[in-house]
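Q: Provided herewith is a single structure, encoded as structure tokens, for subsequent inquiry.
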Amino acid sequence: MNRPSGFFITGTDTNIGKTWAAIALMRALQLRGNRAFGMKPVAAGCEWRQGGWKNQDAVWLQQYSSVAVDYDRINPYAFERPISPHIACGEVYVDPDVILSAFEYLKARSDCVVVEGAGGWFSPLGRDLDNALLAKTLQLPVVLVVGMRLGCINHARLSYQAIRQAGLEVFGWLAVQLEPEMPEFEANLAYLNNSMHARFLGVLPYLSEPDFDLLAEHVNF
């Protein structure tokens, strides 16, 4: 299978494992001999570290990238408050061209750039930008991360339909076990697999602490 030069990671909601999935995908690529970068263009909920606002998810993406690069290449827009980015940004204009420039910088130095959105597909990133528009700007195929819990079928199918209606490719979808035991997990998984016509990339098991190499073993291209 020919792999694209990047992926856009979106999810069925916030806090459903997008960052862990993004890094697991990066590690899976790296373990197959590819140079891969992670990128989180917009992040809200940052701490002041070493002279700038930094988001822990973006720090992980920087840490696990194949080559060391400056933090602002990974996360061009970092905002302090842990609220929706379109509010957290205040008067700052979130410029798609700035994000595109950072993406092109990483793309020129890698085989694949894994770009993680914030929140779900239609979650806003700024006053005039959401994940859907950013994915179209970057022209990346989408990996949909599904947090497996009650209600995920509706969220997953709506997200899948919206991505397709935007004219973008759904490269595949990943399931994330959010709890040790979900009633009828396999039945829910089978229903999603039959209702979304996209590659099933695997199940990331429940972990209380991240082990990205272990998670990478569960990503199937």
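Nothing in this text is a laboratory measurement; each read-out follows from the coordinates by a stated rule. Computed from a predicted structure; not experimentally measured. Heads up, the Cβs are rebuilt from the backbone with ideal geometry, glycines too, and the neighbour counts pull from every protein chain shown.
Q: Return yes or no: is Phe79 on the phi < 0 side of the Ramachandran plot, touching a helix residue (DSSP H, G or I) at 6+ places or on another chain (Cβ under 7 Å) and surrounded by fewer than 18 Cβ atoms within 10 Å (Cβ to Cβ)? Before you say what the answer is, go through the steps one by one.
A: Values: on the phi < 0 side of the Ramachandran plot: yes; touching a helix residue (DSSP H, G or I) at 6+ places or on another chain (Cβ under 7 Å): yes; surrounded by fewer than 18 Cβ atoms within 10 Å (Cβ to Cβ): no.
For Phe79, the condition - on the phi < 0 side of the Ramachandran plot, touching a helix residue (DSSP H, G or I) at 6+ places or on another chain (Cβ under 7 Å) and surrounded by fewer than 18 Cβ atoms within 10 Å (Cβ to Cβ) - is not met.
Q: Given the criterion in contact (Cβ under 8 Å) with a residue 40 or more places away in the chain and surrounded by 16 or more Cβ atoms within 10 Å (Cβ to Cβ), identify the matching residue among Phe37, Phe122.
A: Result: Phe37 is the single residue among Phe37, Phe122 that is in contact (Cβ under 8 Å) with a residue 40 or more places away in the chain and surrounded by 16 or more Cβ atoms within 10 Å (Cβ to Cβ).
Q: Those residues that are more than 25 Å from Pro210 (Cα to Cα), loosely packed, with under 14 Cβ neighbours inside 10 Å and without any contact (Cβ under 8 Å) to a residue 12 or more places away in the chain, I need them from region 153-187; list them, please.
A: Once the filter is applied, which keeps residues that are more than 25 Å from Pro210 (Cα to Cα), loosely packed, with under 14 Cβ neighbours inside 10 Å and without any contact (Cβ under 8 Å) to a residue 12 or more places away in the chain, region 153-187 yields Asn154, Gln161, Gln165, Ala187.
Q: Please specify each residue of region 85-128 satisfying the condition of being over 16 Å from the mean Cα position of the chain (by Cα) and of a type in the set (S, T, N, Q).
A: Listed by number, the residues that qualify are Ser101, Ser110.
Q: Can you pull out the residues in region 69-94 that are without any contact (Cβ under 8 Å) to a residue 24 or more places away in the chain and closer than 16 Å to Lys54 by Cα?
A: Asp70, Tyr71
Q: If you don't mind, another one. Sort through Ala43, Ala58 and tell me the only one that's in contact with a strand residue (DSSP E or B) (Cβ under 7 Å, 6 or more places away or on another chain), free of Cβ contacts under 8 Å to residues at least 60 places away in the same chain and under 21 Å from Asp130 (Cα atoms).
A: Ala58
Q: Find the strands (runs of 3 or more DSSP E) located wholly in region 113-177 whose residues include 1 or more that are within 22 Å of Ala78 (Cβ to Cβ) and not aliphatic (A, V, I, L, M), and list them.
A: 124-126
Q: What is the one condition in (1) of a type in the set (S, T, N, Q); (2) out of contact with any Lys or Arg (no Cβ under 6 Å at 6 or more places or on another chain); (3) not in a helix (DSSP H, G or I) that Gln63 does not satisfy?
A: The number of the failed condition is (3).
Q: How many residues does region 79-112 hold that are among the basic types (Lys, Arg), in a loop (DSSP other than H, G, I, E, B) and either closer than 22 Å to Gly33 by Cβ or out of contact with any strand residue (DSSP E or B) (no Cβ under 8 Å at 6 or more places or on another chain) (or both)?
A: Residues meeting the conditions: 1.
Q: Could you list all residues from region 69-78 that are part of a loop (DSSP other than H, G, I, E, B) and acidic (Asp, Glu)?
A: Asp70
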